[in-house]
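Heads up, the thing below is written out as structure tokens.
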Ligand SMILES: Nc1ncnc2c1ncn2[C@@H]1O[C@H](COP(=O)(O)OP(=O)(O)OP(=O)(O)O)[C@@H](O)[C@H]1O
Ligand SMILES: [Mg+2]
């Protein structure tokens, strides 16, 4: 265990029991993700990307297998430690933004800091800085419904970075955005990834993601089909695009 | 090296998490009521009417008793026959209206919880403990209960007061034991709060049982 893996999974399986049938969403996932990597998880709809995410992010328990975050087995954590992990170590970004609707942009961002024990004042200062860093310095007191989709996602990104997490988990962060806005969001994530050295794991259908990823995990039917480095993929982006369209 | 999972860091973080977020829960619960005022208004209305009924019964009884004790003979004659058998029916009606009230609260809070599954999941992703989620819903219900029962206590006092003045004249005000009225007003408000909290316990528990993974799901 000399290697410093931020995320490591061993034989992770997840089955959903739907009464008569069980759906095997994950069928044995082994992967290692190093600190500071930008990972894209790609695969067709229903291949298990979101399920894998929830399991890695401590949002759902695997039916079998182990998930290690910083070499700590997530299954061993109690409710408090799990809340701590979600608050401090992992930042979540969702396709649907998931801002708290009754709160302003700034309040949304300060929330995880307040859960982490920062004082209101410190949280506010840091929140304003974060909003500036995602280009929303002017929108501090806007409510989510007064912001465009792209702006909401920027707020969500700022919120995910609030407690300087080690890992950012993003499930189709560009899924509800137009092409241009999606590109901007991807650019922003990459920038923060370089700047802060945070590990980014992003599930996506969005081929624009390939350009910024260090490695791409291709998932099919709940298994990792292949793992590619960016350099290898770029050569065949044309064919990949063809495949995805089908 | 497991610096980030250091035992002490855990304890410190969690110790701090107890106090500050309580204020956050208070302000959030308050905002939730304001934003959803249309809906809250109906719940508050339910509490308001059943507590108006309760308080007006209290007020009527207090007025009747003080008139019997020190009113004019004519009034005593009017009041005498309705004293006893009315009581049993009153208790029955009040219990029924309070029961309906608590079911209304429970129903409204359950709807509120189901409707906000994604928001609850998000709270959990941001590091909220179950107790925060519980606080959020209990406070929301408590605020609703407070508004409804204060309103109910006031109307439940004023309405029967004027009715009685209309029937028996201004002597009603002269014999009125204000302290007694105040006591029943307080009892009414406390009952309103207890109902609101009791009605929200199960819905709040349901909220804590939600899996945060639901926040990730994407049906709109
Ligand atoms: N809560 C659940 N209950 C039952 N089945 C589920 C649940 N969540 C996921 N599944 C099933 O598990 C499989 C994988 O779903 P998942 O959401 O992980 O796919 P995905 O790769 O994220 O798809 P998409 O690209 O459409 O988001 C699917 O067959 C899905 O029907
Ligand atoms: Mg998905």
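Throughout, read-outs are computed from the coordinates displayed, never taken from laboratory work. Fair warning: this is a prediction, and the values are worked out from it, not measured in the lab. Note: ideal-geometry Cβ built from the backbone for every residue, glycine included; neighbour counts use all protein chains shown.
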Problem - Estimated Rh, the stretch B:16-162: Kirkwood, alpha-carbon pairs, angstrom - result: 17.9 Å
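Counting partner chain Cβ atoms within 10 Å of every residue's Cβ in A:191-199, what's the average?
On the way: counts 0, 0, 0, 0, 0, 0, 0, 0, 0.
So the per-residue partner count for this stretch is 0.
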Practice task
Calculate the mean, over all residues of peptide A:89-100, of how many other protein chain Cβ atoms lie within 10 angstrom of the residue's Cβ.
Solution key: 5
Practice task
Could you list B:196, B:149 in order of exposure, starting from the residue whose Cβ has the fewest other Cβ atoms within 10 Å?
Solution key: B:196, B:149
Practice task
Quick one: order B:206, B:116, A:86 by neighbouring beta-carbon count within 10 Å, fewest to most.
Solution key: B:206, B:116, A:86
Completion exercise
Taking N as the residue count of the protein assembly as shown, its alpha carbon Rg divided by 2.2 N^0.38 Å gives 1.28
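Please give the peptides A:90-99, B:180-189, A:146-155 ranked by average Cβ packing (other Cβ atoms within 10 Å per residue), highest first, as a rough proxy for protection.
A:90-99, A:146-155, B:180-189
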Practice task
Working from Cα positions, state the angle (0 to 90°, nearest 10) between the long axis of helix B:84-115 and the longest principal axis of chain B.
Solution key: 20 degrees
Handout entry: Approximate spin-label separation residue B:131-residue B:163, in nm, with each point projected 7 Å along Cα-to-Cβ
Key = 4.6 nm
Practice task
From other protein chains only, count the Cβ atoms within 10 Å of every residue's Cβ in A:115-123, then give the mean.
Solution key: 4
Practice task
Would you mind ranking A:45, A:133 by Cβ crowding within 10 Å, fewest neighbours first?
Solution key: A:45, A:133
Practice task
Per DSSP H run of at least 4 residues, take -39500 (n - 2.57); add these up for the protein assembly as shown, divide by its residues and hand me the 222 nm value, nearest 500 deg cm²/dmol.
Solution key: -19500 deg cm²/dmol
Exercise for the section: Please report the base-10 log of the normalised intensity I(q)/I(0) for chain A, using a Debye sum with one equal scatterer per alpha carbon and no solvent, at each q in 0.09, 0.11, 0.16, 0.17 (1/Å). Expected result: -0.39, -0.59, -1.21, -1.33
